[in-house]
1. Can you tell me which residue is farthest from the ligand (Cβ to nearest atom) among those in segment 157-187 that are of a type in the set (Ser, Thr, Tyr) and open to solvent by 30 Å² or more (accessible area, probe 1.4 Å)?
2. Any chance you could count how many residues in segment 1-44 are of a type in the set (S, T, N, Q), more than 8 Å from the ligand (Cβ to nearest atom) and farther than 18 Å from ASP80 by Cα?
3. Kindly check whether there is at least one residue in segment 75-89 that is of a type in the set (S, T, N, Q) and either without any contact (Cβ under 8 Å) to a residue 12 or more places away in the chain or farther than 26 Å from SER141 by Cβ (or both).
4. So LEU216 ticks every box in (1) closer than 29 Å to HIS85 by Cα; (2) within 15 Å of the ligand (Cβ to nearest atom) but one. Which box is left unticked?
5. Within the set of pairs 6 or more residues apart or between chains, which connect a residue that is at negative phi inside segment 96-111 to a residue that is assigned to a helix (DSSP H, G or I) and modelled with pLDDT of 95 or more with Cβ atoms less than 6 Å apart?
6. Can you tell which of VAL47, VAL70 is part of a helix (DSSP H, G or I), open to solvent by less than 50 Å² (accessible area, probe 1.4 Å), more than 11 Å from the ligand (Cβ to nearest atom) and at pLDDT 95 or above?
7. Out of (1) open to solvent by 20 Å² or more (accessible area, probe 1.4 Å); (2) touching a Ser or Thr at 6+ places or on another chain (Cβ under 8 Å), what's the single condition that is false for LEU87?
Amino acid sequence: MTRFAGRVAVVTGAGQGIGAATAHRLAEEGATVAVIDLTAERAQATVDALTAKGHAARAYGCDVADHDAVRQTFAQVVTDLGALHILVNNAGITRDNLFFKMPKGDWDAVIAVNLTSAYNCSQAAQTHMVKQKYGKIVSLSSRSALGNRGQANYAAAKAGIQGLTATLAIELGPYNINVNAVAPGYIATPMTVSTAERVGATAGDHQAQAADRTPLRRVGQPEEIASVVAFLASEDASYVSGQTLYVNGGAR
Ligand code: NAP
């Protein structure tokens, strides 16, 4: 498939996990991918894997919670790659704790990296998308947006993504920009490995417990989120906007 031939895509937090899988999927379907991660070195690892397969990609180090850094990086992407058609707001962190003892710094960090980053990146991207009257913005929400013990900060940020998505779809729709979100359940990535470590479980046991709670009786893989992001970023979803699609193995 070459659904993204001639398209330039930015994927944030693409050094590993869902972001890296998404960068691969978009590149495999013809996109030139700007791979953003906290450091250029982390982004370069994904770019090296992509270029080894003959795909077009370039690495950028940028803290997506930093408004000015995002503006500069997105301007550089357009200078380097000639356009910006697709934005995937994927970078995210967790700092889990029960609410009564959640430090203010952990609240602020999670809101900044998971939600304010989407404001920063979407605002920087729409400047270019509005001019060209074409754009696709896909952001990572989470099943935790519906509430999850120990994740008040993360749940608030991921619910915020859904409100941001619905609103940007209204404001940017007249410029032929589709804005959607994906809300994964439990996906096997370094993020969930860290969660397992934090609660004193092995990754295997933690995943087995999550699988037991899931109708499909297994956890998800990064590629199973990447394929849905690619759908929403493609013309196959040309009349889909303002939606959050839960991708969680059937969990309610
Ligand atoms: P991950 O394995 O932890 O990868 C996240 C990536 O984002 C890392 O490469 C990380 O870089 C990067 N990053 C962190 N802070 C950043 C910043 N300020 N600026 C730029 N990059 C930054 O996470 P994942 O599991 O793939 O999750 C990807 C997205 O899906 C996140 O938004 C997450 O909340 C969401 N999600 C995940 C799951 C799941 O079960 N895995 C479920 C629902 C939603 P460093 O490693 O260098 O810090």
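The values are calculated or read from the model by the stated rules, or taken from the named source; none is laboratory data. Predicted model only: the values in this text are computed from it and were never measured. Positions of Cβ are backbone-derived with ideal geometry, glycine not excepted, and every protein chain shown enters the neighbour counts. Ligands, DNA and RNA are excluded from the accessible area calculation, which covers all protein heavy atoms including side chains. Shrake-Rupley method; radii C 1.70, N 1.55, O 1.52, S 1.80 Å.
1. At the first step, the residues of segment 157-187 found to be of a type in the set (Ser, Thr, Tyr) are 165, 167, 175, 186.
Remaining after also requiring open to solvent by 30 Å² or more (accessible area, probe 1.4 Å): 167, 175, 186.
Values: THR167: 19, TYR175: 25, TYR186: 5 Å.
That would be TYR175.
2. Let us first name the residues in segment 1-44 that are of a type in the set (S, T, N, Q), namely 2, 12, 16, 22, 32, 39, 44.
So of that shortlist, the ones also more than 8 Å from the ligand (Cβ to nearest atom) come out as 2, 22, 32, 44.
Imposing the further condition that a residue be farther than 18 Å from ASP80 by Cα reduces the set to 2, 22.
Number of matching residues: 2.
3. yes
4. Condition not satisfied by LEU216: (1).
5. PHE99/ALA152; TRP107/ASN153; VAL110/ASN153; VAL110/TYR154; VAL110/ALA157; ILE111/ALA157
6. Working: VAL70 fails: more than 11 Å from the ligand (Cβ to nearest atom).
The conditions single out VAL47.
7. Here LEU87 clears every test but (1).
Okay, residues lined up against (1) exposed (fewer than 14 other Cβ atoms within 10 Å of the Cβ); (2) closer than 16 Å to ALA169 by Cα; (3) touching a Pro at 6+ places or on another chain (Cβ under 9 Å):
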{"position": "PRO215", "(1), (2), (3)": "yes, no, no"}
{"position": "VAL219", "(1), (2), (3)": "no, no, no"}
{"position": "GLU224", "(1), (2), (3)": "no, no, yes"}
{"position": "VAL228", "(1), (2), (3)": "no, no, yes"}
{"position": "ASP236", "(1), (2), (3)": "yes, no, no"}
{"position": "LEU245", "(1), (2), (3)": "no, yes, no"}
{"position": "ALA251", "(1), (2), (3)": "no, no, yes"}
